[in-house]
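Beneath this line is the structure, given in structure tokens, with notes to follow.
The values are calculated or read from the model by the stated rules, or taken from the named source; none is laboratory data. Since the structure is predicted, the reported quantities are computational estimates derived from the model, not experimental observations. Ideal geometry is used to build each Cβ from the backbone, glycine not excepted, and the neighbour counts take in all protein chains shown. Heavy atoms of the whole protein, side chains included, go into the accessibility calculation; ligands, DNA and RNA do not. Shrake-Rupley method; radii C 1.70, N 1.55, O 1.52, S 1.80 Å.
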Amino acid sequence: MASNVAVETDAADDLKPSKKKTTECIDGIVAAIMAFGRATSAAPYANVNGTRGMEDH
């Protein structure tokens with residue numbers, strides 16, 4: 001699956017997946033890239049116990 005994907009640069013010098021060199025689908029790799037981006041840019045874990053009258057342990 002990963003061998004189907006090439007990388008190209010757009011006008012803003014951002015890297016993006018490309019399938020110009022293949023007719024195979026790259027949806028799985030694109031989904032993995034999007035999931036990785038989402039996971040690494042998520043807000044840090046917040047402790048909600050302090051707002052519920054519970055103590056941290």
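Residue count for segment 21-37 satisfying the condition of being open to solvent by less than 100 Å² (accessible area, probe 1.4 Å), part of a helix (DSSP H, G or I) and among the hydrophobic types (A, V, I, L, M, F, W, C): 6. Do we find that Asp10 is surrounded by fewer than 10 Cβ atoms within 10 Å (Cβ to Cβ) and in contact with a strand residue (DSSP E or B) (Cβ under 8 Å, 6 or more places away or on another chain) in this structure? In short, yes.
Among all positions in segment 40-49, there is at least one residue which is open to solvent by 70 Å² or more (accessible area, probe 1.4 Å) and at pLDDT 85 or above.
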